[in-house]
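Accompanying notes for the structure given below.
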Amino acid sequence: MFPTRNSAVSSRRGFTLIELMIGIALSSMVIAGVFSTYLFVGRHLTRMANTQQLDAGSRVAFALLNQDVSAAIRVTAASGTQLTLVLPPTSPALSRTVAYRYVAPSSSSASDGTLTRTETIDGTATSSVVLRSVGTLSFNYFNTAGAVVSASPVSVKRIELAFAAQTGSAANGTQVIVNNVSARVALRNRSLLQ
């Protein structure tokens, strides 16, 4: 016997419109979930990379400051945003100074907040940016008793650096702000009686 027309049509039957719409809706939800997870992981990895970048910059800045302050003979200029140290000369005839200068971020200039270190050896200056993207920065000064010094750089025995740096974008959720405070570093080559 030959199959009837009704049985042949029913064996080739496809999905109904309702079944297709439910399948598309479920697929859309799965794709939206995967995409959302992808964005979340991407932002998190960007924040981690930004944090690592700020931490690495902070370590370099603290190491340089520690090295310079520990070797300094005296402080010649001390303010909240600038510090100038006299270092022992590399040879008897040379003079040697190191200056740190903070330039605050400004909307009118291209500066994003930088800490610059300038080493001057016998009149020849070499500058390098130690920190970038610094929102706030202050040098804090202390005497031998641990009291805060604000007026005279002559009585400075210990120096501390505090700053807040940021990178990334708040608009896309990748901004990282790191607040750092160094240990109080002593001027080791300066006598206690000065």
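Filtering region 43-59 to residues that are exposed (fewer than 13 other Cβ atoms within 10 Å of the Cβ) and either closer than 14 Å to residue 115 by Cβ or aliphatic (A, V, I, L, M) (or both) leaves 45, 48, 56, 59.
I'm trying to understand the selection: among the residues of region 67-100, which are open to solvent by less than 50 Å² (accessible area, probe 1.4 Å) and among the charged types (D, E, K, R)? Once the filter is applied, which keeps residues that are open to solvent by less than 50 Å² (accessible area, probe 1.4 Å) and among the charged types (D, E, K, R), region 67-100 yields only 68.
Taking the numbered list (1) under 28 Å from residue 43 (Cβ atoms); (2) open to solvent by less than 20 Å² (accessible area, probe 1.4 Å) in turn, residue 168 passes all entries but (2). Whenever a residue of region 84-100 is acidic (Asp, Glu), it has no partner that is open to solvent by less than 50 Å² (accessible area, probe 1.4 Å) and in a loop (DSSP other than H, G, I, E, B) lying with C-beta atoms less than 6 angstrom away and at least six residues away or across chains.
Candidates are the residues of region 121-156 that are assigned to a strand (DSSP E or B) and hydroxyl-bearing (Ser, Thr, Tyr); the one that is nearest to residue 60 (Cα to Cα) is 128.
The one condition from (1) crowded, with 17+ Cβ neighbours inside 10 Å; (2) β-branched (Val, Ile, Thr); (3) assigned to a strand (DSSP E or B) that residue 118 does not meet is (1). For region 121-157, taking the residues that are open to solvent by 60 Å² or more (accessible area, probe 1.4 Å) and in contact (Cβ under 8 Å) with a residue 40 or more places away in the chain, the one that is farthest from residue 76 (Cα to Cα) is identified as 132.
Residue 63 passes every criterion in (1) out of contact with any Pro (no Cβ under 8 Å at 6 or more places or on another chain); (2) in contact (Cβ under 8 Å) with a residue 40 or more places away in the chain; (3) among the small types (Gly, Ala, Ser); (4) under 24 Å from residue 165 (Cα atoms) apart from (2). Within region 82-101, not a single residue is within 22 Å of residue 50 (Cβ to Cβ) and in contact with a Ser or Thr (Cβ under 6 Å, 6 or more places away or on another chain).
The values are calculated or read from the model by the stated rules, or taken from the named source; none is laboratory data. In this text, all values refer to a predicted model and were calculated from it rather than measured experimentally. Note that we place each Cβ from the backbone using ideal geometry, even for glycine, and neighbour counts take in every protein chain shown. To get the accessible areas, we keep the full protein, side chains included, count just its heavy atoms, and leave off ligands, DNA and RNA. Shrake-Rupley method; radii C 1.70, N 1.55, O 1.52, S 1.80 Å.
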